[in-house]
Structures are given as C-alpha cells and as structure tokens.
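J.: Below is a structure I'd like to ask you about.
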Amino acid sequence: MAESRAAGAPTVLRVVLGKRLQELREKAGLSFEEAGRALDVTHATVRRMEKAEVGLKIPYVEKLLGLYGITDREEVEGFVALAREANRPGWWHRFRDVLPEWFSAFVALEGEANLIRAYEPHYVPGLLQTEDYARAVLRAGMPHAPDADVERAVAVRRERQGLLRREKAPLLWVVMDETVLRRPIGGPDVMRAQVDRLIEAIELPAVRLQIMPFAAGPHPAMYGPFHIFRFPIQELPDIACAENLVGASYFDQREDVSAFLEALDRMCAQAAPPHTTKAILGGIRKEI
C-alpha cells in the first residue's frame, strides 16, 4: 500500500474480495499473465483487481472463478453477490465534491474497523468534534472554499460520528496532545463546548481518551498524526494511515504497521492514564 493518495477509494469489501481472488489464483498455481489472458486483459489489470484499485466487473469475476476451479453454483453466486455489493459506492460518495480521494479511503476503513487507535497532536479527532469546532478547523484548512462547501464537509463529520452510536461501535482509543486543548480554535465558547463534548464522550464505553501532557517531554510520534485500523475480517490486516498536508499514506505491511503500533503503545504508557482524563479536561476547561 503506502501510497500517497488512495486510488479509487475502494470500499473495504472490495479489498477483501481482491484478497480472496488473489488467494484463489495462487492456490490454482496461475500467474497474473495467465489470468489476464483468460480475460483478454493485461496482467496489470488482474493485479489492480486484486489490489482493489479498480472495480470488480462481474463477467471478469465469474470467468476468474471458473478459471480458478470454483464451479459450485451456490459458491459462485455468493461471490458475485458480494462483488456487486462491493462495487456500490459508500454513503460518502454523495460528498465527493468536497471529500478528497485519499480521505474517502479513510472513511471506508473507519466504517469497517472494530478498533481505531490514533495519535492527534493538532486537533480534536473528527469523530469527537462539535460542529462549531469542526467548522472552524475546516475553514482554516479550506480558506478559499465557499461556505456551502465547508458546511458539506461539516456534514461529513456529522455522518462519521454516527459510528460511535452504533450498537456494535468500534473502540476509539486516542492519545491526544495537550497542545490540542491549549490551541484556541473558534473562540472561548467553542473551545468550552468542545471540552464538554470530550467529557461526555469519555463516558461512552466505545471511547478511551488519554492526554499527553507537556510535562511528559518528547515521545515516539512527535512527527505527526496517524491512525491504526483493526478489522473483524480475517482477510484484512491492520492498516495504518499517516496524514500530511496534501493527502495521506496508507501502510498494510506488517513491519510498517508494527512500527506505528510500538510507538503508540509506548505513548499510551507515557501519557496520563485514561482514568485521569476527566479531571485534566475539567481543569483545562476552567482556564478557557
């Protein structure tokens, strides 16, 4: 993975099916070139299907399944039904006019994860932002955008936050730098309301928030924000996402993700423990 912009913002299901096609091809002992000849396409097209970089054309899927020895009609129909579902755009597709392609991939991963871990040195994470705070952050990042575009971006934040209200909500475990709470965004009223939202959020069973105080000194992730996604799907490895000014890099190789996990584990030990978060937030709120 490790690409600076997500190609095609695949749904997670498309990633899963791509990996299943890869496993079937390898089990059948066939190369990309042999699979490509069966479809009358290049080997690169087959590779891109397996990497979820292109949609899964149903005739191609059916022909590949036959080539790989999958002949049971019920099994084929089940795979094809999943492929049709995978090709359907996610809810965020209707916001594609204001949603960068790399972030569409982020939302897709976020929506399927059962564990989201993050380090945030600059802003309150989007899943925990109030609308006024989100509006101020987005306006700073979109200084030339029309107000209507900013409002649509706020609406994306609002829809994403529905994750934490789901019956089986993912665990959101965030280490947030004290800088986030000290940086005035939107004015005192907005900041007070945002701190109140965080105090409410940490009462949810699906939210764990730790503050990295200034006094803790240097830590392993001072280079920037990142997220790690874990999934309840066997075919999907943990995926790390590191953001930058113009996009994001996604990592799914074990050694890369392990580096992010190790840094975050060390930071969790260094940050103030979760049971002190409410007192820290209350103290900072009094100072705003």
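J.: Out of every Cα-Cα pair in the chain, what percent are more than 25 Å apart? Could you put the intermediate results ahead of the total?
T.: Numbers: 21883 of 41328 pairs.
In whole percent, the long-distance tail amounts to 53.
J.: Restricting to bridges with both residues inside the chain, how much of the DSSP beta-bridge set is antiparallel, in percent to the nearest 5? Don't skip to the end; give the middle numbers.
T.: On the way: 14 of 26 bridges.
That works out to approximately 55 percent antiparallel.
J.: Can you check what the Kirkwood hydrodynamic radius comes to for the range 110-158, Cα pairs only, in Å to one decimal?
T.: On the way: mean 1/r = 0.0842 Å⁻¹.
Evaluated on the range 110-158, it is 11.9 Å.
J.: What whole-number value in Å² describes the accessible area per residue of the range 44-192 for a 1.4 Å probe?
T.: Details: 7370 Å² over 149 residues.
Counting only protein heavy atoms, the per-residue value for the range 44-192 is 49 Å².
J.: Give the span of the range 178-271's Cα atoms along each principal axis, as three whole-Å numbers ordered largest to smallest.
T.: Answer, in whole Å and largest first: 45, 31, 30 Å.
J.: Considering Cα pairs under 8 angstrom that are at least six residues apart, work out the relative contact order of the range 20-120 and quote it in whole percent.
T.: Details: 56 pairs, mean separation 18.6, N = 101.
In percent, rounded to a whole number, it is 18.
J.: Please list the three semi-axes, largest first and in whole Å, of the ellipsoid equivalent to the range 175-228, using sqrt of 5 times the eigenvalues of its alpha carbon gyration tensor.
T.: On the way: eigenvalues 85, 55, 20 Å².
Largest first, the range 175-228 gives 21, 17, 10 Å.
J.: Looking at the range 129-288, what % of the alpha carbon pairs are farther apart than 20 Å? Walk me through the intermediate numbers first.
T.: On the way: 7555 of 12720 pairs.
Everything past 20 Å amounts to 59 percent.
J.: Please report, as a whole percent, how much of the solvent-accessible surface of the chain comes from carbon and sulfur atoms (probe radius 1.4 Å). Could you put the intermediate results ahead of the total?
T.: Numbers: 7590 of 14720 Å².
The computed percentage sits at 52.
J.: What are the extents of the Cα atoms of the range 119-198 along their three principal axes, listed from largest to smallest and rounded to whole Å?
T.: Result for the range 119-198: principal-axis Cα extents of 38, 27, 21 Å.
J.: Tell me, which longest segment in the chain has none of the trypsin sites (Lys or Arg not before Pro) that fall in DSSP loops with at most 11 further Cβ atoms within 10 Å? Numbers along the way, then the final one.
T.: Working: sites that count: 166, 168.
Excluding the exposed sites themselves, the longest stretch runs over 1-165.
J.: Could I ask something else about it? With axes computed from alpha carbons, what is the tilt in degrees of helix 147-160 against the longest principal axis of the chain, rounded to the nearest 10 within 0 to 90?
T.: The angle comes out at about 80 degrees.
J.: Considering every pair of different Cα atoms, what Kirkwood radius, in Å, is found for the range 73-184? Mind showing how you got there, number by number?
T.: Numbers: mean 1/r = 0.0625 Å⁻¹.
For the range 73-184, inverting the mean 1/r across all distinct Cα pairs yields 16.0 Å.
J.: Can you compute the helix-only [θ] at 222 nm over the chain? Use -39500 (n - 2.57) per DSSP H run of at least 4 residues, normalise by all residues, nearest 500 deg cm²/dmol. Don't skip to the answer; put the middle values down first.
T.: On the way: 12 runs with 141 residues, N = 288.
Calculated from helices alone, the mean residue ellipticity at 222 nm is -15000 deg cm²/dmol.
J.: Determine the order of 241, 268 by accessible area, beginning with the largest, at a probe radius of 1.4 Å.
T.: On the way: 241 0, 268 20 Å².
Result, largest first: 268, 241.
J.: Next question, about the same structure. Given the range 1-137 reduced to its alpha-carbon atoms as identical point scatterers, what log10 I(q)/I(0) does the Debye formula return at q = 0.12, 0.17 Å⁻¹?
T.: Taken in order of the listed q values, log10 I(q)/I(0) reads -0.58, -0.95.
J.: Can you spot the lysines whose alpha carbon is less than 29 Å from residue 63's alpha carbon? Ignore those fewer than 8 places along the same chain.
T.: 19, 27, 51
J.: Tell me the label-point distance for the pair residue 215, residue 288, using the 7 Å Cα-to-Cβ offset, in nm and rounded to one decimal.
T.: Roughly 2.2 nm, to one decimal.
J.: Going by alpha carbons, how many degrees (0 to 90, nearest 10) lie between the helix axis of 12-27 and the longest principal axis of the chain?
T.: For helix 12-27, the angle is close to 40 degrees.
The values are calculated or read from the model by the stated rules, or taken from the named source; none is laboratory data. Fair warning: this is a prediction, and the values are worked out from it, not measured in the lab. Cβ atoms come from the backbone with ideal geometry, glycine included; neighbour counts cover every protein chain shown. SASA here: full protein model, heavy atoms, side chains in, ligands and nucleic acids out. Shrake-Rupley method; radii C 1.70, N 1.55, O 1.52, S 1.80 Å.
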